[in-house]
1. Among (1) at pLDDT below 95; (2) over 12 Å from the mean Cα position of the chain (by Cα); (3) not polar (S, T, N, Q), there is one condition G121 misses while meeting the rest; what is its number?
2. Say we look at region 8-34 and pick out the residues that are among the small types (G, A, S) and in a loop (DSSP other than H, G, I, E, B); which of these is farthest from T59 (Cα to Cα)?
3. Does region 80-99 contain at least one residue that is in contact (Cβ under 8 Å) with a residue 40 or more places away in the chain, under 22 Å from L8 (Cα atoms) and within 13 Å of the chain's Cα centre (by Cα)?
4. All but one of (1) over 30 Å from N38 (Cα atoms); (2) surrounded by fewer than 19 Cβ atoms within 10 Å (Cβ to Cβ) hold for G136, so report the exception by its number.
5. Under 8 Å between Cβ atoms, at least 6 apart or on separate chains: pull out the pairs that start in region 127-154 with a residue that is on the phi > 0 side of the Ramachandran plot and end on any residue that is aliphatic (A, V, I, L, M) and in a helix (DSSP H, G or I).
6. Identify all residues within region 170-189 that are surrounded by 14 or more Cβ atoms within 10 Å (Cβ to Cβ) and small (G, A, S); write none if there are none.
Amino acid sequence: MAEIWIALATAAVSYLIGSISIARIVSRLVAPDVDLENVHMPKADGTQGQHLQTIGATTASIKLGPRVGCAIGILDILKGVLPVLVVKLLFPEQFYHLIAAVFVVVGHNWPIYYRFRGGGGMSPTYGGFFVVDFIGTMVSSVAGMIFGFFIIRDILIAYTSGLWFFLVWLIIFKGDWPHIVYGVVMNVIFTIALIPDVKDYINKKRAGELDMGASMETFPMGRGMLKIMKFFKVEPRKKGG
């Protein structure tokens, strides 16, 4: 019975922590008049492109600049790290920290404080990953970016495939059911949160209305990878199909 109460308390507290929207708080402090509820990815010609349904570091980066977006991303990573790390230190022989890692992202994506409209969950997801398996996180994130940017040349694949590689890492190097279930659940949560953006992305890509290079310029990770791609003379695709 005690184990059930610990698990429930871990889930509840982690969810409430995850529900704190760093993007909203920071944007209100630095630019109170900025509206994060209505943000579009810019197109190559400077006009509005894909409408973003989530509110987080990427939307803040588009409105407030990459430095602010990067700061918010780091804070969101820490939001994922801290509750998971605390629970792991308190119960080192148990798997309660995996529950914390799941529910801090659930709170981030569907925050109770903001009518359940939150971010996509990438930053707090990786925050939890760092605690669960630091080396696996680094390997899978790099593998995902290489796979997406250099092989598939699709920003959506680069954005999401790190989670796929991390699941494979957990299966190979952890091999126990709690970690495997955790990896599967995190992929499902992340996919559900991005369904509205993915639908819009696919439609615009098919219509040839997306410029991957312009999209990558809007957030810090994309800007860095775009520089690497240009160094190796690998051009991002500009049209769907």
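The values are calculated or read from the model by the stated rules, or taken from the named source; none is laboratory data. All values reported here derive from a predicted model rather than from experimental measurement. Note that we place each Cβ from the backbone using ideal geometry, even for glycine, and neighbour counts take in every protein chain shown.
1. G121 satisfies every listed condition except (2).
2. Taking region 8-34 as the starting set, the residues that turn out to be among the small types (G, A, S) are 9, 11-12, 14, 18-19, 21, 23, 27, 31.
Those still in the list that are in a loop (DSSP other than H, G, I, E, B) too: 19, 21, 31.
Numbers: S19: 17, S21: 12, A31: 14 Å.
Checking each candidate, the answer is S19.
3. Yes; the residues of region 80-99 include at least one that is in contact (Cβ under 8 Å) with a residue 40 or more places away in the chain, under 22 Å from L8 (Cα atoms) and within 13 Å of the chain's Cα centre (by Cα).
4. The number of the failed condition is (2).
5. R153/M212
6. G183
Listed here are the residues, each with its yes/no results for (1) under 22 Å from L78 (Cβ atoms); (2) in a helix (DSSP H, G or I).
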site: G119; (1), (2): yes, no
site: Y126; (1), (2): yes, yes
site: I135; (1), (2): yes, yes
site: M138; (1), (2): yes, yes
site: V142; (1), (2): yes, yes
site: I146; (1), (2): no, yes
site: I151; (1), (2): no, yes
site: L156; (1), (2): no, yes
site: S161; (1), (2): no, yes
